[in-house]
Amino acid sequence: MKPILECYGLSKTYGNGQWALSNLNLSLERGQIVGLLGPNGSGKTTLIKLINDLLTPTEGSIQIDGNLPGIETKKIVSYLPERTYLTPSWKVRDLIFYFEDFYEDFRRDRAQQMLEALGIGLHARLRTLSKGTREKVQLVMVMSRDASLYILDEPIGGVDPAARDYILNTILTNYNENATILLSTHLISDIENILDRVIFLQNGQIVLNATVDEVRVEQKKSVDMLFREVFRC
Amino acid sequence: MLGKLIKYDFKALNRYLIAIHIMLLITAALGRFLFVERLIKNSGGLSDMGMVIMTLLILLYVILFMTALFGTLLVISIHFYKNLYSDEGYLTHTLPVSRGRLLIAKTVSGSVWMLIDVVLVIMSVLILVLYQPMVREFSAHKDEVLIAMGFPSTVGYGKIISLIIVLFVVSAVANVMMLYVSIAVGQLFSNHRVMGAIAAYFSINTILSVVSGVVGAAYSVSVITNAVDETFMYQLYSKAYIFGIVLELILAVGSYLVTYLLMQKKLNLN
């Protein structure tokens, strides 16, 4: 089986003379939860947007399951951006219909179950929900797809610790063994336990790509400690 | 997938546009039955109070009339911008559909509403002012009216109306595409993208009026100086019409292609 994600010499500049990513090479195997970690401005979101076809690379290329970003890859990538993309005038159920209309791998029963567990009504208008609740709704929608690659950009940033636990559990229980989750966050200690692999990004380049076990055994440190050390200001 | 995209685009546009247009028609109907009817039946028969209310109602109608005209442009533009280039774009652009389909769906929904807008605005004027004796007078002298306007008697109303409908359809599409291309061009700026879109819109408009002004004037002069018979007005109409249609078609197709290329190659969501 091909790796789920491959980047070759990937570079991106926004035309201001600075490289958000420079000559990044990466290959991700299936069936793991990968933490994409790095300080602000290290290129995490740029990489994620490139994978999702929201930006075009300046140089290099990306392949997802052997395809360049496009219609085929969007069918198998489930993406949670770091911002809210919900239409405020919609009800929660409108969003469910929307996902059902466009994504063949969307599982409505799973979404409804999770929404119920979080106490979010299907008839609630998105405008009336709190910011944290909207983030939960969005995460529920993204995790209710049977995707091959989940890309979660700061999925737990704005929600309270209790919901954070529920969401992490949701991620763990809903993802099938062949799927890969790539998630970026600052809150390393909260998610360290669920990660299989970590990628450290600095100035648009990978400075570490190792399994969490390797970090613990070889460096004798937690990922959080290593992060603080590598990115000390 | 295209059908679903069009469905959701209409859903977003309908939300505001149906309400605006219903209000326009209701105000026209109120104006008609409360005042215009009475004025027709007995002129000068309104009390002072009636005059005040009528003035207010006419004012309301004018405001709604302008709202319908400009509001439609605005609602279509805002939907295009929000759905593709704001936070909502993160969802729209990660749907498993091509950029081309996204654009076609927006072109169809926008143009249809533009056309509905024109039809309903004209209808509201007719509701307000059209009355029986006027229609009767017109039917009695309709051939003379045509000749007075410079049409040869061989040209029937049917032909004129169908040509006007074609013009409306083409310019609805062209107008929508001009809005879209301006917004797409505005995205090339790294900051102030909405201002960029507005600047692009007014630039295109200016170029367009200069071109049509210059070419139109040149055409009219050549037609009038070469006029050999009384059909010169008709020649002027025909040429102006063909020129207008061609210009609108070029504008529509050009804008569509530029918008498509910018969406395809230069997408850069903030």
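The values are calculated or read from the model by the stated rules, or taken from the named source; none is laboratory data. All values derive from a computational prediction rather than experimental measurement. Here the Cβ positions follow ideal geometry from the backbone for every residue, glycine too, while neighbour counts run over all protein chains shown.
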(message) So in the stretch B:87-132, with the set limited to residues that are free of Cβ contacts under 8 Å to residues at least 60 places away in the same chain and hydroxyl-bearing (Ser, Thr, Tyr), which one is farthest from the other protein chains (Cβ to nearest Cβ)?
(response) B:THR92
(message) Condition check: away from every other protein chain (no Cβ under 14 Å), charged (D, E, K, R) and under 30 Å from B:ALA197 (Cβ atoms). Does B:LYS82 satisfy that?
(response) no
(request) Please go through the stretch B:1-10 and pick out each residue that is facing chain A (nearest Cβ under 9 Å) and either out of contact with any Lys or Arg (no Cβ under 8 Å at 6 or more places or on another chain) or over 16 Å from B:VAL176 (Cβ atoms) (or both). (result) B:MET1, B:LYS4, B:LYS7, B:TYR8
(request) Out of A:ARG110, A:ARG83, report the one residue that is more than 9 Å from chain B (Cβ to nearest Cβ) and of a type in the set (Lys, Arg). (result) A:ARG110
(request) Return only the number of the condition from (1) under 30 Å from B:GLN187 (Cα atoms); (2) touching a residue at least 40 places away in the same chain (Cβ under 8 Å) that A:THR87 does not satisfy. (result) (2)
(message) Can you pull out every residue in the stretch B:9-42 that is over 22 Å from the mean Cα position of the chain (by Cα), buried (at least 16 other Cβ atoms within 10 Å of the Cβ) and of a type in the set (Phe, Trp, Tyr)?
(response) B:PHE35
(request) Just give me the residues in the stretch A:43-63 being buried (at least 22 other Cβ atoms within 10 Å of the Cβ), more than 14 Å from chain B (Cβ to nearest Cβ) and either within 17 Å of A:ILE181 (Cβ to Cβ) or over 16 Å from the mean Cα position of the chain (by Cα) (or both), in sequence order. (result) A:LYS44, A:LEU47
(request) Please list, ordered by first then second residue, the pairs with beta carbon atoms under 6 Å, 6 or more apart or interchain, first in the stretch B:52-66 and of a type in the set (A, V, I, L, M), second at pLDDT below 80 and part of a helix (DSSP H, G or I). (result) B:MET54/B:PHE35
(request) For the stretch A:113-131, enumerate the residues that are in contact with a Phe, Trp or Tyr (Cβ under 8 Å, 6 or more places away or on another chain) and either away from chain B (no Cβ under 13 Å) or free of Cβ contacts under 8 Å to residues at least 40 places away in the same chain (or both). (result) A:ALA117, A:LEU118, A:ARG125
(request) Among what's in the stretch A:64-79 and is of a type in the set (A, V, I, L, M, F, W, C) and farther than 14 Å from B:HIS93 by Cβ, pick the residue that is nearest to the other protein chains (Cβ to nearest Cβ). (result) A:ILE76
